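Engineer: Dumping the structure here so I can ask a few things about it.
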Amino acid sequence: MISINKKITFSKKNPPIIIAEISGNHNGNKKRFLNLINSAYDNGADIVKIQTYEPGDITLNKKNNLFKIKKGIWKNKYLWDLYSQAHTPFLWHHDAFKLAKKKNKVLFSSPFSIRAVDFLEKFGVQIYKISSFEITDLKLIDYIASKKKPIILSTGMSKDLEISNAINVIKKYHNKIIILHCVSGYPTKLKDTDLSKINFLKKKFPKYKIGLSDHTNNIHSSIAAAALGVVMIEKHVKLDDKTKTADSEFSINLNKLKKLKKITIDIFNSTHKRSLITNLSEKNKNLRRSIFAKNDIKKDEKINEKNIVCLRPNIGICASKYFFVLGKKAKKNIKKGMPIKYNLIT
C-alpha cells in the first residue's frame with residue numbers, strides 16, 4: 001500500500017486511482033492550462049499530473065535529420081520545436097500548485113532534469129513519475145529517488161532488464177514504486193495495448209504495485225485494465241475534441257474522464273472480494289431448496305422418491321441431503337406440504 005494522503009492510496013483494496021495527464025494539451029495557453037487542471041479534478045481525476053521541463057532539459061536546438069522525428073503524429077518535426085510547443089513554462093507551476101492546494105487536491109509532475117526536480121521540491125510534491133523515455137537515465141532516476149517520495153515508473157519500450165535496473169537504483173532509497181504498463185505509441189491502437197503485460201509485470205515484480213499508462217484515444221483498454229486489478233490508470237486529458245494540440249490525438253475529453261472514473265469504481269465493486277458476512281448473496285440462502293413431504297407420510301413409513309420433493313424455501317433439510325434421507329423412516333405422521341426436518345426421521 002502506498003498512501004499519498006488520507007484520500008489517495010494506491011492499493012488493491014481501493015478502486016484504481018485515476019490520474020489526468022495535462023502534458024501539452026494546454027496548447028501554450030496558461031488560462032487553458034489552469035482550466036484543464038481544474039476541470040480534470042471536477043470530472044473524476046483523483047490526481048492531476050503535469051510535466052516539468054524546458055526544451056533544453058530534453059534535447060539540443062539542432063535542425064538536422066538526427067533531431068527530426070521520422071514517423072507518427074509528430075513526423076518531420078524537430079525535437080526542439082515539439083518540446084517548445086508542448087512544454088509547461090516553469091512560471092505557470094506556481095499558479096497550478098496554488099490551484100491544487102485551494103481545491104485540497106494532489107498535483108505532481110514528471111521532471112526531465114535535475115534542476116526540474118529541485119524546482120518541484122519547492123512546491124512540496126508528494127510523488128514523482130519517471131517517463132518511459134527516461135527509464136534508462138539512471139542518474140536522473142537516482143536523484144529523484146533520493147528525495148524518498150513514491151515513484152511511478154513508466155515502462156514503454158522497456159526490456160525487463162531496463163526495468164530492473166531502474167528499480168535497483170530506486171531501491172537504494174525506498175521501495176515505494178508503482179510500475180506502469182505502457183505502450184509508447186501516440187496514439188496506441190486498441191489491438192496494440194497488450195494488456196496481458198499487466199499480469200506479466202505482477203508476476204515478474206511481485207513486490208510492487210502495477211498500473212497502466214494508456215495512450216489510446218478512448219477508455220476501453222483502461223476499463224479492461226481495471227478488471228485486471230491495476231492500482232492506477234493514467235490518461236492524457238483535453239478540454240474538448242475540437243482543439244488540436246501536440247497530444248490531442250491520444251487524449252480523452254472530460255466526459256470520457258468522468259465516465260472512466262465511474263466505471264472503474266463499478267468494476268472494483270463487482271470484482272473485489274468481500275467476506276461471507278457482508279456478501280449480499282448470503283442473505284438469500286433461504287431461497288434455496290429443501291425437502292418437503294409430497295404426500296402424507298405415516299409413522300414408520302420409509303422415505304422414498306414418491307413421498308418427498310425438493311422445493312423452495314430452505315426451511316427443512318437441505319436439498320443436498322436428498323439421497324441421505326431416502327430410506328429413512330418417519331418418527332411420526334408427517335402431513336403433506338410439511339418441511340422434512342431431522343427430528344422427524346430416523
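Engineer: Would you point out the residue of segment 294-346, among those that are of a type in the set (Asp, Glu) and surrounded by fewer than 13 Cβ atoms within 10 Å (Cβ to Cβ), that is farthest from the chain's Cα centre (by Cα)?
Structural biologist: Filtering first and then ranking leaves 300.
Engineer: Might you check whether a residue that is in a helix (DSSP H, G or I) and either closer than 16 Å to residue 39 by Cα or not polar (S, T, N, Q) (or both) occurs anywhere in segment 233-241?
Structural biologist: No, that holds for no residue.
Engineer: Any residue at all in segment 161-169 that's surrounded by 15 or more Cβ atoms within 10 Å (Cβ to Cβ), in contact (Cβ under 8 Å) with a residue 24 or more places away in the chain and in contact with a helix residue (DSSP H, G or I) (Cβ under 6 Å, 6 or more places away or on another chain)?
Structural biologist: Yes: segment 161-169 contains one or more residues that are surrounded by 15 or more Cβ atoms within 10 Å (Cβ to Cβ), in contact (Cβ under 8 Å) with a residue 24 or more places away in the chain and in contact with a helix residue (DSSP H, G or I) (Cβ under 6 Å, 6 or more places away or on another chain).
Engineer: What number of residues within segment 102-127 are under 21 Å from residue 55 (Cβ atoms) and of a type outside the set (Val, Ile, Thr)?
Structural biologist: Selection size over segment 102-127: 10.
Engineer: Let me ask something else. Kindly evaluate residue 321 against the criterion of being charged (D, E, K, R) and either on the phi > 0 side of the Ramachandran plot or out of contact with any Leu (no Cβ under 8 Å at 6 or more places or on another chain) (or both).
Structural biologist: Spelling it out, residue 321 is indeed charged (D, E, K, R) and either on the phi > 0 side of the Ramachandran plot or out of contact with any Leu (no Cβ under 8 Å at 6 or more places or on another chain) (or both).
Engineer: Looking at segment 210-232, which of its residues are surrounded by fewer than 20 Cβ atoms within 10 Å (Cβ to Cβ) and assigned to a loop (DSSP other than H, G, I, E, B)?
Structural biologist: Result: 218, 228, 229.
The numbers here are math on the coordinates, done by the rules we state, and not lab data. Quantities reported herein were computed from a predicted structural model and do not represent experimental measurements. Because the Cβ atoms are built from the backbone with ideal geometry, glycine has one as well, and the counts that use them run over all protein chains shown.
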